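Remarks on the structure that follows.
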Amino acid sequence: MFSKIKSQFMLDPKIIHLNHGSFGATPKPIFNSLVNWQKKLELNPSKHIYDTFDLLKESRSALANYINCDKDDIAFMPNPSTALNTIIKSLDINPGDEILSSNHEYETLDRTWKYISKKTGSKYIQVPVSLPLESENDFIESLLKQITSKTKIIFLSQITSSTGLIFPIEKICQIAKEKNILSIIDGAHVPGHINLDIKKLNPDVYTGACHKWMCSPKGTAFLYVDKKIQDIIEPLVISWGYDSDMPSHSQFLDYLQWQGTDDVSSYLTIHDTIDFLKKNNWGNVSKQCKKLNIWARNEINKLLKIEPISDDRFLGQMSSIPIKSNNILEDQIEFYSKYKIQIPFFKWHDKEFFRISIQAYNSKEDIFKLLEALDKKYNN
Ligand SMILES: Cc1ncc(COP(=O)(O)O)c(C=O)c1O
């Protein structure tokens, strides 16, 4: 679809890559930026480690500008799980408190909430958001009617991992603020995929992965925390920023931004990442990928005689398709080994699904090959 952009990715051409959503993929200019930062570090490690404070500040500025928030309200994190564990373990959660969520959340975070609920005697409530998702109001109402006087936190993905749906969370964040409920948003799939404007959304906490749809090197994510609650955030790992000898203006940054001898090179590639996205008119890339995704989903559903799990307007660059499979793990292996197609298969509650992701390096040709393989596998 975008042959010039495709040529900048380092992906194995023998494989049809339809799984960008899981681990991203990094094009050469951004990967070279990573290597250059690592080379700089090796020239003079002792100096570079101390230079990183200023360098990280510049990187935070560039990212904050891209997602519209204050640079001092975000800290780099290796991944969304670390970011959300930092938050969840910092909060004062008491017996009886309720954490309202959906049944579409990423499993490791369900596990984290269940862990903390068990420890604190609080209740993690996974409100069923039923499929097909066809109405914004139904989504909002299904959550709002579960709010009680005990609801302390609302936790939601902006784009869900298993079902690949864009949840309309704007109104939920607004209502949470009005009701004094903490809103924590898992935006792992959002940056570089759909527009992210933190100031407009106004959540209390937000995390996003840059290594997915922004195509940053692996291990590049961020944690945003509203200034009003930054003082209660504790680091997962106590290091030099805790009880610092040279505290900066922000305890939040002191606590989270120096975590021992860590390689922060991937965080320093943010300038080059955003530069790459701008040069390649990424807004248009996402728009075209979304079009191809919707076309692909409709063709797959037609071929397999499956009803769509949502209206098109809840889709971005990913689609999940329910499938009747005897063994999803075997199916995933078969698609990879026999057809050279990389797609994840998984169980969501009691149903089996596979998911496709469309990125700039994909084309209709990839989908034709997928359709052929699906036809052979499931229609015979
Ligand atoms: C919606 C969502 N949240 C959180 C995560 C966690 O990412 P990680 O395992 O890299 O921390 C993922 C990973 O794919 C995800 O899809």
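The values are calculated or read from the model by the stated rules, or taken from the named source; none is laboratory data. Computed from a predicted model, the values in this text were never measured in an experiment. A quick note on method: Cβ atoms are made from the backbone with ideal geometry, for glycine too, and the neighbour counts reach across all protein chains shown.
Answer yes or no: is there a residue in region 290-298 that is crowded, with 20+ Cβ neighbours inside 10 Å, assigned by TED's automatic domain parsing to the domain that holds residue 352, in contact with a Ser or Thr (Cβ under 8 Å, 6 or more places away or on another chain) and outside any helix (DSSP H, G or I). Looking through region 290-298, none of the residues is crowded, with 20+ Cβ neighbours inside 10 Å, assigned by TED's automatic domain parsing to the domain that holds residue 352, in contact with a Ser or Thr (Cβ under 8 Å, 6 or more places away or on another chain) and outside any helix (DSSP H, G or I). When region 344-368 is examined, which residues are found to be under 24 Å from residue 27 (Cα atoms) and of a type outside the set (Gly, Ala, Ser)? Across region 344-368, the qualifying residues are 344, 355, 356, 358, 359, 361, 362, 364, 365, 366, 367.
Taking residue 235, is it surrounded by fewer than 17 Cβ atoms within 10 Å (Cβ to Cβ) and either touching a residue at least 40 places away in the same chain (Cβ under 8 Å) or part of a loop (DSSP other than H, G, I, E, B) (or both)?
Here the answer is no, as residue 235 does not meet what is asked.
Considering only residues that are closer than 24 Å to residue 199 by Cβ and within 16 Å of the ligand (Cβ to nearest atom), look in region 63-78 and name the one that is farthest from the chain's Cα centre (by Cα).
By that ranking, first place goes to 75.
For region 145-181, a residue qualifies if it is in a helix (DSSP H, G or I), charged (D, E, K, R) and touching a residue at least 12 places away in the same chain (Cβ under 8 Å), and the qualifying residues are 170, 171, 177.
Each row is one residue, and each column tells you yes or no for (1) more than 16 Å from the ligand (Cβ to nearest atom); (2) over 24 Å from residue 261 (Cα atoms); (3) free of Cβ contacts under 8 Å to residues at least 12 places away in the same chain; (4) touching a Cys at 6+ places or on another chain (Cβ under 7 Å).
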site	(1), (2), (3), (4)
22	no, yes, no, no
29	yes, yes, no, no
41	yes, no, no, no
48	yes, no, yes, no
51	yes, no, yes, no
54	yes, no, yes, no
61	yes, no, yes, no
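Checked against (1) more than 16 Å from the ligand (Cβ to nearest atom); (2) closer than 27 Å to residue 277 by Cα, residue 175 passes all but condition (2).
Quick one: is residue 304 assigned by TED's automatic domain parsing to the domain that holds residue 357, more than 24 Å from residue 158 (Cα to Cα) and either touching a Leu at 6+ places or on another chain (Cβ under 8 Å) or surrounded by 15 or more Cβ atoms within 10 Å (Cβ to Cβ) (or both)? The answer is yes for residue 304.
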